[in-house]
Amino acid sequence: MLWSELQPLSVALGLAVFGLALFELGHWRNLKQIRLQGYSVLIAAFVRIFFVNLTAATLPGETISPRIYTVAPIALIYFFIWAQMQSKTASPESSRWSPTDLIGYLGTASIAALLYFQVPGEWIIFAWAIAVLALMTASLLLDKEIFLHQSELLVAGIVTRALAHNIFGGSYFAAGNWRGNIGILSLTAGLLLLTLPISFRLRVRYAVLPNPSLLVRKLALRHPEQILFFAPLVLISFMIAVKMNPGMVTLSWGVEGVMVILLGLLVSQRTYRITGLSLLLLCVAKIVVRDAWHLGERDRYITFIVLGAALTLVSTLYGKYRETVRRLL
Amino acid sequence: MKQVLAFVAVLIIAGVSLYYAQHRKYADAVSANAVVDVAADWQRDISRVPMRITRISDQEEKRIGDELAQQYKSNDAALNPKTRATEHYINAVGGRVAAHAKRRLPFRFHLVSDNNLINAFALPGGHIFVGQGLLDRMTSEDELAFVLGHEIEHIDHYHAVERVQIEAQLKNLSLEAVASLAQIPVTLWQIGYSKDEEMEADREGLLLASASGYSAQGAVNLLERWTRLRQEYVIHAENPTDELSQLAIDSLTGYFRTHPLPSERLAQANEVIAQDHLPVDKPLKSFHAE
């Protein structure tokens with residue numbers, strides 16, 4: 001009836017409200033069958049948004065896109081139900097088969113899909129990075145692992161999308177355009193790095209959990225600081241390689257390497273320091289193999305001076321903090 | 001109590017949204033476009049990496065484009081004096097617009113004298129074909145300049161040549177052989193590109209037309225008209241059965257027809273105009289094909 005009687009744009013929202021009603025009824029009367037029907041309807045609402053809502057046109061004069069005012073409330077319904085399911089009495093079936101996680105994932109997936117279709121193509125990674133920050137904050141404040149898992153999945157999406165679209169798939173003539181060049185990528189990497197303090201706190205929190213079996217789960221729960229460090233690092237390194245003036249690539253990687261080593265020393269992370277050193281070694285190798293023979297005179301001198309200074313600085317730092325470094329290694 | 005209040009708040013928000021969605025004047029069509037758009041854009045992004053590495057030279061692109069254009073022109077009816085004058089006219093307008101393109105290619109503009117062809121398409125190397133049906137629906141030279149700018153940018157940004165590269169890889173064709181090129185159908189360029197590529201061609205084409213002295217209002221007028229036309233002609237399913245059959249047809253025929261919605265193109269055009277302060281108050285040049 002909802003499908004027949006409602007406008008195509010309203011069907012998904014109608015289904016979500018109906019799913020909410022079924023869930024509430026099942027919750028109130030403690031009827032598992034009704035709750036299960038509610039979950040099915042909620043899944044149908046999620047599928048439906050891909051057939052009308054996400055491609056709904058914003059007409060001239062419309063201040064809010066129909067995508068936003070039809071998909072965002074659906075996500076809100078998912079999160080509301082998810083929040084209710086957190087109470088122990090709400091879903092006794094969650095121990096065997098976890099609709100709680102499913103509903104939580106549907107909420108975040110709706111928002112991620114909405115951002116994908118609503119935001120201009122090159123800004124999608126930035127919008128998703130904001131979502132990662134929000135999810136990490138939610139994970140920290142609400143103490144819910146699910147948001148950490150979701151944020152890490154989204155980080156994987158950001159890296160894939162950024163490499164495929166913003167770095168390698170971008171316009172061939174965007175050199176002067178900061179949006180297609182380094183601006184959005186830098187902002188995204190910056191936002192991801194902003195989540196590092198949260199990642200360290202979550203690592204401490206989940207370190208006491210029993211060893212999870214799956215590697216992905218282990219990474220997500222026990223080492224979020226690695227994923228949220230290496231993701232922006234990969235983005236920045238590829239961005240430098242592809243988007244920068246070829247004469248400045250080695251120099252930029254060198255500066256990046258020093259920053260990474262400093263960060264590694266600051267937060268006492270061995271992997272960070274090794275990565276920074278590897279970047280510097282890569283720079284030295286690139287200078288020997290390529291830059292010394294192919295770079296222009298000005299770029300060559302600048303690269304040699306800056307990289308020489310960087311190596312001296314790193315060597316001094318390692319000399320000064322020898323004991324600390326040895327202990328951490 | 002808190003839960004009840006939160007439940008009521010969620011219901012109110014959902015109810016208001018439902019009210020607005022129900023009372024919207026525009027009836028959105030049901031389609032698999034969201035999935036298709038994502039698939040086409042990812043396919044394009046992933047194929048871009050090898051395309052960058054195996055980029056063919058401009059010289060090679062021109063040779064391939066000339067061969068393809070020769071084939072397609074031989075299939076088209078010969079031009080009469082009137083249509084020849086029209087072709088001369090689109091060459092004059094196109095030449096002015098192409099002068100501002102980034103790549104130095106010999107852009108040539110061809111008329112397809114088919115009143116039913118409401119389309120334009122670009123081949124690699126600089127050949128652009130415009131259907132008579134499309135010209136018949138234009139009301140100003142500024143609109144033509146925008147359309148030609150859009151097609152020029154498909155060539156300028158390597159969209160057209162990447163199509164050949166991908167097709168050659170998929171069919172294992174040698175781009176050296178003329179016989180191989182004959183196996184590439186013109187529909188490959190007529191069906192449009194990914195959403196990202198179309199939006200890029202729109203954006204850059206508008207800037208190109210504007211740099212050539214044309215009013216950006218031409219693009220706005222054209223896209224507004226297409227928005228209205230789409231609203232009138234798109235099939236709006238009345239019930240679930242219609243929706244499902246429409247969806248099936250759309251999915252079968254629509255995979256590569258990934259042109260963005262005219263309303264989205266219009267929104268982007270207005271954004272570019274505002275950002276780049278493009279003049280819209282210039283008087284529109286009249287369309288005079290004869």
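Observations on the model:
- Test item: A:65-72 mean partner chain Cβ contacts at 10 Å: 3
- Cα-based helix-to-principal-axis angle, A:183-194 vs chain A, degrees rounded to 10: 80 degrees
- Take the accessible area of chain B alone and of chain A alone, subtract that of the pair, and you get about 4400 Å² summed over both chains, using a 1.4 Å probe.
- Among B:90, B:191, B:128, the largest mean-square fluctuation in a Gaussian network model of chain B (Cα springs under 10 Å) belongs to B:191.
- Taking only the C-alpha atoms of chain B, Rg followed by Dmax gives 21.7, 82 Å.
- Take chain B and mark each of the trypsin sites (Lys or Arg not before Pro) that is in a DSSP loop with at most 14 other Cβ atoms within 10 Å; the longest unmarked stretch, sites excluded, is B:138-256.
- Helical segments meeting 27 Å axial Cα length and Kyte-Doolittle -0.5 threshold in chain B (DSSP H): B:2-22, B:33-53
- Remark on residue B:28: its backbone amide H falls under 5 Å from those of A:9, a criterion applied only to residues 5 or more positions apart or on other chains, H modelled at 1.01 Å from N.
- Along chain A, longest interval not containing exposed chymotrypsin sites (Phe, Trp or Tyr not before Pro), exposed being DSSP loop plus at most 13 other Cβ atoms within 10 Å: A:179-320
- The Rg/Rh ratio for the stretch B:38-166 is 0.99, where Rg is the radius of gyration of the alpha carbons and Rh is the Kirkwood radius.
- Averaged over the residues of A:19-27, the number of partner chain Cβ atoms lying within 10 Å of the residue Cβ comes to 1.
- With Cα atoms, 0 to 90° folded angle of helix A:196-206 axis to chain A main axis: 60 degrees
- Among A:252, A:186, A:278: highest mean-square fluctuation, GNM of chain A, C-alpha pairs under 10 Å: A:278
- Here the Karplus relation 6.51 cos²θ - 1.76 cosθ + 1.60, evaluated at θ = phi - 60°, turns the backbone of the stretch B:99-105 into coupling constants of 4, 9, 5, 6, 8, 8, 10 Hz, with x for every Gly and Pro.
- For the stretch A:56-68, Karplus couplings with θ = phi - 60° (6.51, -1.76, 1.60), whole Hz, Gly/Pro x: 4, 6, 8, 8, x, x, 7, 7, 10, 5, x, 4, 5
- Formal net charge of residues neighbouring residue A:188 (Cβ-Cβ distance under 11 Å; K, R +1; D, E -1): 0
- Amide hydrogen neighbours beyond the local backbone of residue B:109, cut-off 5 Å, H modeled: B:128
- The stretch A:246-329: radius of gyration over Cα atoms, expressed as a fraction of 2.2 N^0.38 Å: 1.14
- The Kirkwood hydrodynamic radius of chain A, based on inverse pair distances between different Cα atoms, is 22.7 Å.
- Nearest 10 degrees, 0 to 90: helix A:270-286 Cα axis against chain A principal axis: 50 degrees
- Per DSSP, loop GluC sites (Glu not before Pro) in the stretch B:139-224 with at most 15 further Cβ within 10 Å: B:176
- The stretch B:62-99 versus the stretch A:27-89: alpha-carbon centroid distance in Å: 52 Å
- Carbon plus sulfur fraction of accessible area for chain A, probe 1.4 Å, in percent: 68 percent
- Mean projection area, nm², convex hull over Cα of the protein assembly as shown: 33.6 nm²
- In the stretch B:196-211, the residues whose accessible area drops by at least 10 square angstrom when the other protein chains are added to the isolated chain are B:196, B:200, B:203; the probe is 1.4 Å and only protein heavy atoms count.
- For chain B, adding -39500 (n - 2.57) for each run of n ≥ 4 DSSP H residues and dividing by the number of residues yields -20000 deg cm²/dmol at 222 nm.
- Sorted largest first, the spans of the alpha carbon positions of the stretch A:1-85 along the three principal axes are 48, 27, 16 Å.
- 3J(HN,Hα) along the stretch A:112-129: 4, 5, 4, 4, 4, 8, 8, 8, x, x, 6, 8, 4, 5, 5, 4, 5, 5 Hz, from the Karplus curve 6.51 cos²θ - 1.76 cosθ + 1.60 with θ = phi - 60°, whole Hz, x for Gly and Pro.
- Taking trypsin sites (Lys or Arg not before Pro) in DSSP loop states with no more than 15 other Cβ atoms inside 10 Å as exposed sites, chain A has its longest site-free stretch at A:180-329.
- Note on chain B: antiparallel DSSP beta bridges, both residues inside, total approximately 45 percent of the bridges counted.
The values are calculated or read from the model by the stated rules, or taken from the named source; none is laboratory data. The shown structure was predicted, so the numbers you read here are calculated from the model rather than taken from an experiment. Cβ coordinates were reconstructed from backbone atoms using ideal geometry, including for glycine residues, and neighbour counts include every protein chain displayed. The protein model used for the area step is the full one, side chains on, heavy atoms only, and it has no ligands, DNA or RNA in it. Shrake-Rupley method; radii C 1.70, N 1.55, O 1.52, S 1.80 Å.
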